[in-house]
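Notes follow once the structure below has been shown.
Read the figures in this text as sums done on the coordinates, not as results from a lab. Note that the coordinates shown come from a computational prediction; the quantities given were computed from them, not determined experimentally. Cβ placement follows ideal geometry from the backbone for every residue including glycine, while neighbour counts extend to all protein chains displayed.
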Amino acid sequence: MKKQAISVAAGLVVAAAALYGVYQFGVTQGQKSTQPPTAAPADGGPKASDTAPSTGKRVLYWHDPMVPGQRFDKPGKSPYMDMPLVPVYADGDGGGSGVTVDSRVAQNLGIRTTEVKPGRLGAVLEVPGNVAVDERSVQVIQARTNAFVQHVSVKATLDTVKRGQPLVALYSPDWVAAQEEYLAVSRMATSGQADLRSAAKARMLQAGMTPGQVSAVESSGKLQPNLGIVSPVDGIVTEVGVREGMTVAPGMTLFRLADLSQVWVIAEVPEGQSHSIAPGLPVKVSPTGAPEALVGKVDTVLPDVNPATRTIKVRIVLPNKGRRLLPGMFTTVRFDAGQEKEALLVPSEAVIRTGQRNIVMVDTGKNGFVAADIKTGREATGMVEVLDGLKAGQKVVTSGQFLIDSEASLRGTATRMEAVPAASAPAAAPPEHEGVGRIEAVSPDGLTISHGPIPSIHWGAMTMDFKPPPSGMPKGLKEGQQIRFKFHMDSEGTPVLSSVQQSAASTAGEEP
């Protein structure tokens, strides 16, 4: 009976051992099937056997388009996203500083190119402008003595007035006293009458009466208690500072008038094209809705640059016959800067202006595109002069530039059209990440580490290469050690170690 029990127990042990072996085999196979591909070597060099069967192109490496800086040496599932890795081929498709767009995709998206050619750019420059009041013609009418307002003839701004038209009637005690003195002297029949009349007339002028008002008193021989002030120009009223019943004091502004027989046109000229504008340059001004253009000359190039539009104001003086030009009216100003000049030209639609840079997308052939910075000059008739950055015969994209830029962003290339940071701005330090792992290989080029998940950079567990710290590789590191390390990503997306320390478990396990 005891032998039978021992036999049954031994059978159970053998069966349990077999079941445990099957379980361990299944776990090992599952881990192999779900293990992500290892990172590619730091040099990213292609292998002779890395050839895509569908295209026949040699594969440099595989990468996740959402994390383009990390490269893998074989296809598989991305450890970052739920998507397969994408191959990068040796012919430059996404691996260089440009981006390649399939010809069918380019046709569907409407990507068009044109050749950069030398040509004659018309020296004609057209810019917007607006009509303004000639400030030299502004007349300010002020009170010259204490007075009471009896009647106001012009009561609203922008009313038109004629020369000699009454504006306001005033009663001034000082004027009445001066007139009475003059009239009294005029009635006296003495030998010194002429001198007394001259002195009384001068007193009326000193009291603030105009020569016309003095002449009215002389000719009529009667007292003029309510004297009117008339308009000295033909124009419009831009300010009314008086109302009936008011009391005015010397120096108080009653009216402000503007003469519209001559107006200013203020043109906004881009600062890059202002070098050809000078006083005396003939211009043609076309007001909105006018049947024909008006001819004038540049009066002054104002020393002021608009920081928002980067334009310089140019003042043009124009005669305004028939008062057709009104303040605030929009115009088109056409400058004739002389003879035509031959230059390298591209269409205006091909140039992308970011505010700090002028960029074009250059067609490099085989559906490849790369961004190029250019220096632009004059612009006219839909063409832009290229001073630097392009050569004759190159092709630039005139439609679909931002679609190409979007493709470049997904592939992580250097063709992005983002603005260049200021040279004086210090570069921000890359974020540091920390992980725990095991050293698989040690070389002068860095460490190969099998590490666990790193939540700060959204990495899962994997085996990959790390560049050595800038200060050099720490001494005493060897394969199989458990370590705690810190790293950051460089400009190319490659992890660079900042520090490496042996973990407590690894130190405890070493023999003395």
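I'd like the FRET efficiency for Val442 and Asp373, computed as 1/(1 + (r/R0)^6) with the beta carbon distance as r and R0 of 41 Å, rounded to 0.05.
Values: r = 43 Å, r/R0 = 1.06.
Step by step, r from the Cβ atoms, then E = 0.40.
Could you give the length gained on full extension between Thr309 and Thr288, defined as 0.36 nm per residue of separation minus the Cα-Cα distance, in nm?
Working: separation 21, 0.36 × 21 = 7.56 nm, distance 2.22 nm.
Full-extension gain reported as 5.3 nm.
All other residues with a Cβ under 13 Å from the Cβ of Arg112 taken together, and with Lys, Arg as +1 and Asp, Glu as -1, what is their net charge? Please list the in-between numbers first.
Working: positive: Lys395; negative: Glu115, Glu349, Asp363.
Result for the neighbourhood of Arg112: -2.
Taking the Cβ of Val265 as the centre, find all other residues whose Cβ is under 14 Å away and add up their charges (Lys, Arg: +1; Asp, Glu: -1).
+1
Using r as the Cβ-Cβ distance of Lys77 and Glu349, and R0 as 45 Å, what FRET efficiency do you calculate, to the nearest 0.05?
Details: r = 43 Å, r/R0 = 0.95.
FRET efficiency, Lys77 to Glu349: 0.60.
Using a simple spin-label model with points 7 Å from Cα along the Cα→Cβ vector, what separation in nm is obtained for Asp299 and Leu223?
4.8
Take the alpha-carbon positions of segment 149-197, form their convex hull, and give its projected area averaged over all directions (one quarter of the hull surface) in nm².
Numbers: hull surface 20.8 nm².
Mean shadow area of the hull around the Cα atoms is 5.2 nm².
Using Cβ contacts closer than 10 Å as the measure, can you line up Phe148, Phe330, Phe255 from fewest to most?
Details: Phe148 15, Phe330 12, Phe255 22.
Sorted ascending by nearby Cβ count, the order is Phe330, Phe148, Phe255.
Residues of segment 369-394 with amide nitrogen under 18 Å from the 7 Å Cα-to-Cβ point of Arg112?
From segment 369-394, the list is 381-384.
How far apart, in nanometres, would the label points at Glu434 and Arg357 be if each is projected 7 angstrom from Cα along the Cα-to-Cβ direction?
3.7
Which of the trypsin sites (Lys or Arg not before Pro) across segment 216-306 are loop residues per DSSP, with 16 or fewer other Cβ within 10 Å? Please report the intermediate quantities before stating the final value.
On the way: sites: Lys222, Arg243, Arg256, Lys284, Lys297; in loops: Lys222, Arg243.
Those satisfying the criteria are Lys222, Arg243.
Taking 0.36 nm per intervening residue step and subtracting the Cα-Cα distance, what contour gain separates Leu326 from Glu268 on full extension? Let's see the in-between values first.
Values: separation 58, 0.36 × 58 = 20.88 nm, distance 1.82 nm.
Contour length minus Cα-Cα distance gives 19.1 nm.
Counting only the backbone N, which residues of segment 288-310 are under 16 Å from the spot 7 Å out from the Cα of Arg136 toward its beta-carbon?
Those under the cut-off are 296-302.
Which FRET efficiency, nearest 0.05, do Met188 and Arg243 yield, Cβ-Cβ r, R0 45 Å? Could you put the intermediate results ahead of the total?
Working: r = 41 Å, r/R0 = 0.91.
Here the calculated transfer efficiency is 0.65.
Using only alpha carbon pairs under 8 Å that are at least six residues apart, calculate the relative contact order of segment 433-509 and give it in whole percent.
It rounds to 30 percent for segment 433-509.
Could you please rank Leu167, Leu326, placing first whichever residue has the fewest other Cβ atoms within 10 Å of its Cβ?
With the sparsest Cβ surroundings first, the list reads Leu326, Leu167.
Among Leu121, Leu345, rank each residue by its count of other Cβ atoms within 10 Å, from fewest to most, as a rough exposure measure.
Listing Leu121, Leu345 from fewest to most nearby Cβ atoms yields Leu121, Leu345.
Note down the net charge around Val317, summing +1 for each Lys or Arg and -1 for each Asp or Glu among other residues with Cβ under 10 Å from its Cβ.
Local charge sum for Val317: +1.
Per residue, how much space in cubic angstrom lies within the convex hull of the C-alpha atoms of segment 433-509? Write down the numbers at each step before the final one.
Values: hull volume 6.5 nm³, N = 77.
So the per-residue hull volume is 85 Å³.
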